[in-house]
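Beneath this line is the structure, given in structure tokens, with notes to follow.
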Amino acid sequence: MAQAFSPEYKILTDFQSVIALQDEWEDLCRRSTRHYLAQSFTWFRASWETTAAPRGDRLYCLVIRVAGKIRLIWPFVIFRAGGVKVARPLPQATEYCTVLVEDGPDAERYVAAAWKMVRKTCGCDVISLRNVRDETALYRVVTNEWGLKAVRADVAPWLCWDGIANPSAYLKKRQQPYKRRRLSKQGVVKFEILTDAVACEAAIDWILQHKRRWFDKHNIKNDWMRSRECRDFFHQLVAAEGSHCGLHVFVLTLDSKIIAGELSAIDQHRVESFTGTYDNDFFKYSPGALLTENCIQWGLDEHRHLHYDMRVGGEDYKYIWANRIATTFYFDYANTIRGFCYILLMKLPPFYLLTARSKIGQMLSPRWRLRIKAIEATLMESMRSLGRGTDSDRRG
């Protein structure tokens, strides 16, 4: 006889109540064998303490138990974006959006039940999901749900060692030994994995500084990478995580001077490249590409065929290494009538919005035109707030 599906739901809105779940959270991670490092308790805590709490966001954490044992944890932040209230899963920067759920035949049922409970109890107009991979249970649940959704797709190239008979030959075919030899003529080139907390924090500051310069050079807007919150977030992670699994800082040095750096999340299955950059003075030697070679080789040699995930974005350099491409989706789900109207406005092509504004403006008094402009300003602020933390994170 099949066991009845009778989950027990609990909604936590107090940070200390969630902190009390640390041991059970970490145990759930061990029972969810393919979870991402961004789903760990340490990552959640750093995201809340350095980013969400300073912004004044509210916490909403859904916990599902069966027979007294936690089977699913899904934390959100709730914030107001202009005229609408938005719920977004934590962490809320550029991580993949997925649900921490126990492995097993009921995993997708737990995710579906969690999605319905979030819709019912979060009290938000819009539920915003970022970077949902198309092979996940969350993707299947949301796409099968009736309702208005603003959807945007992107790609996430990655290197999977499964099916590659000769990994060494695969690497050798894509390496650039001539550039490494040219760089070696300038001094001693060394690949390092930093472990000292002080050295890690200094390298993170170097990476963020050069990343911002690269953004400025290419006129790319990225509020998250430019913020103090981003720096504090990465600093807290390297201080908290151990050496086996956590946020790693990889650097390529020339005579002990950093010329390229990368921040990667390492778990038992993958190296997830979060951001990387290089010193533009050494552009002709492609130090960023050389560092990528070292990182992939390290994951292959030291940790028994860790996959290398280059994450969201279809930049050309990723396809040199990638042999798989995942599709990721951004969902803004209308959860109320107010959210429905907001999403509908967002989906209208700008041409029609401008045409409508022009024709309506001709029929309105100056007083009402000022009111309409105020409403437009509120909507624009709402759109900017709803898109926070999702700007491009291209390699510099």
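The values are calculated or read from the model by the stated rules, or taken from the named source; none is laboratory data. Just so it is clear, the structure is predicted and the values come from calculations on it, not from any experiment. For neighbour counting, all protein chains shown are included, and Cβ atoms are generated from backbone atoms with ideal geometry for every residue, glycine included.
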Go through the stretch 185-236 residue by residue and tally those that are in a helix (DSSP H, G or I), within 18 Å of Cys295 (Cβ to Cβ) and in contact with a His (Cβ under 7 Å, 6 or more places away or on another chain).
-> 1
Do we have any residue at all in the stretch 306-317 that's part of a helix (DSSP H, G or I) and free of Cβ contacts under 8 Å to residues at least 12 places away in the same chain?
-> yes
Residue in the stretch 41-59 that is surrounded by fewer than 23 Cβ atoms within 10 Å (Cβ to Cβ) and part of a strand (DSSP E or B) present = yes
For Tyr9, are the conditions met, namely being aromatic (Phe, Trp, Tyr), in contact (Cβ under 8 Å) with a residue 60 or more places away in the chain, outside any loop (DSSP other than H, G, I, E, B) and surrounded by 18 or more Cβ atoms within 10 Å (Cβ to Cβ)?
-> no
Selected residue [crowded, with 23+ Cβ neighbours inside 10 Å and farther than 28 Å from Ser273 by Cα] from Arg88, Arg71 | Arg71
Does Lys149 fit the bill of being surrounded by 15 or more Cβ atoms within 10 Å (Cβ to Cβ) and either within 24 Å of Thr94 (Cα to Cα) or hydroxyl-bearing (Ser, Thr, Tyr) (or both)?
-> yes
Filter result (touching a residue at least 40 places away in the same chain (Cβ under 8 Å) and either surrounded by 14 or more Cβ atoms within 10 Å (Cβ to Cβ) or more than 19 Å from Ser286 (Cα to Cα) (or both)) within the stretch 175-198 = Gln175, Gln176, Lys179, Arg180, Leu183, Val189, Phe191, Glu192, Ile193, Leu194, Thr195, Ala197
Would you mind telling me which numbered condition in (1) part of a helix (DSSP H, G or I); (2) surrounded by 15 or more Cβ atoms within 10 Å (Cβ to Cβ); (3) without any contact (Cβ under 8 Å) to a residue 40 or more places away in the chain Glu26 fails?
-> (2)
Test Arg65 against the stated conditions and say whether it is outside any loop (DSSP other than H, G, I, E, B) and more than 25 Å from Val86 (Cα to Cα).
-> yes
Unique match (being closer than 21 Å to Asp301 by Cα and under 23 Å from the mean Cα position of the chain (by Cα)) among Leu129, Leu159 = Leu159
Just a yes or no: is a residue in the stretch 122-129 under 13 Å from Phe331 (Cβ atoms) and surrounded by fewer than 22 Cβ atoms within 10 Å (Cβ to Cβ)?
-> yes
Condition check for Asp223: at positive phi, in contact with a Gly (Cβ under 8 Å, 6 or more places away or on another chain) and of a type in the set (D, E, K, R) | no
Sort out which residues of the stretch 267-295 are modelled with pLDDT of 85 or more and under 24 Å from Asp134 (Cβ atoms), and write them in order of number.
-> Arg270, Val271, Glu272, Ser273, Phe274, Thr275
May I ask you to list the residues in the stretch 115-142 that are out of contact with any strand residue (DSSP E or B) (no Cβ under 8 Å at 6 or more places or on another chain) and of a type outside the set (D, E, K, R)?
-> Trp115, Thr136, Val141
